[in-house]
Amino acid sequence: MERTQYNAIDAVNFSSLKHYLRSEMHFLYSWKTPQTEEDDTPARKLGRASHKLILEPDSFNDTYVTLDESQRPVPDKNYQTKDNREWKKAQIEFLKRTGKEVVTKDEYDNLFNMASSVKTNVPASRLLKGCEFERVIEWTDGVTGVRCKGIVDFPNKEKRIAGDLKNMED
């Protein structure tokens, strides 16, 4: 299911309910206001990309494209120069028109290292073997009658498990 379809389901999820801890108005705003590209953060981008590369590696290149930073106007400087910053902005705008998300070479290397760590970790790779990925679930809470929804990263009915992949800095 595409994310836009999931977002259209008229139900609450954990991401919207956690705003209720702050206030009812924060909850209502977060639940009824669709996220925009401006709301995206580097952490969310990393989370989406790592999920794709770890859980669905065969379709990673259908969704992501890597920015070839070797083509920067000033190769020895990262993005400290105006020319490099403008080049990066123009490249990302061009690549976004392909409908794909852009990751830099450094981001890709980081993602690849994460995916390799999971793949070579024997307990983790056993846990993921045979699982579905990104399964949408819906239910009605028995106590409150509230419609709920969620996405389970890797459920496996046979193993009787459901897991959630998380990225953390430490």
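Among the residues of segment 16-41, count how many are at pLDDT below 80, polar (S, T, N, Q) and open to solvent by less than 80 Å² (accessible area, probe 1.4 Å).
Of the residues in segment 16-41, 3 are at pLDDT below 80, polar (S, T, N, Q) and open to solvent by less than 80 Å² (accessible area, probe 1.4 Å).
Using the structure shown, decide if S125 is surrounded by 11 or more Cβ atoms within 10 Å (Cβ to Cβ), small (G, A, S) and either modelled with pLDDT under 90 or in a strand (DSSP E or B) (or both).
yes
Anything in segment 42-67 that is without any contact (Cβ under 8 Å) to a residue 24 or more places away in the chain, surrounded by fewer than 19 Cβ atoms within 10 Å (Cβ to Cβ) and of a type in the set (K, R)? List them, or say none.
R44
Yes or no: segment 68-85 includes at least one residue that is touching a residue at least 24 places away in the same chain (Cβ under 8 Å) and open to solvent by less than 60 Å² (accessible area, probe 1.4 Å).
Yes, because at least one residue in segment 68-85 is touching a residue at least 24 places away in the same chain (Cβ under 8 Å) and open to solvent by less than 60 Å² (accessible area, probe 1.4 Å).
Confirm whether K88 is assigned to a helix (DSSP H, G or I) and in contact with a Phe, Trp or Tyr (Cβ under 8 Å, 6 or more places away or on another chain).
Taking the combined requirement at face value, the residue satisfies it.
Taking D106, is it assigned to a helix (DSSP H, G or I), at pLDDT below 90, farther than 16 Å from L165 by Cα and open to solvent by 40 Å² or more (accessible area, probe 1.4 Å)?
yes
Might you let me know whether segment 144-161 holds any residue that is polar (S, T, N, Q) and within 21 Å of the chain's Cα centre (by Cα)?
Checking segment 144-161: at least one residue is polar (S, T, N, Q) and within 21 Å of the chain's Cα centre (by Cα).
The values are calculated or read from the model by the stated rules, or taken from the named source; none is laboratory data. In this text, all values refer to a predicted model and were calculated from it rather than measured experimentally. When we count neighbours, we look across all protein chains shown, and the Cβ atoms used for this are built from the backbone with ideal geometry, even at glycine. Each accessible area value is taken on the protein alone, full model and side chains, heavy atoms only, with ligands, DNA and RNA left out. Shrake-Rupley method; radii C 1.70, N 1.55, O 1.52, S 1.80 Å.
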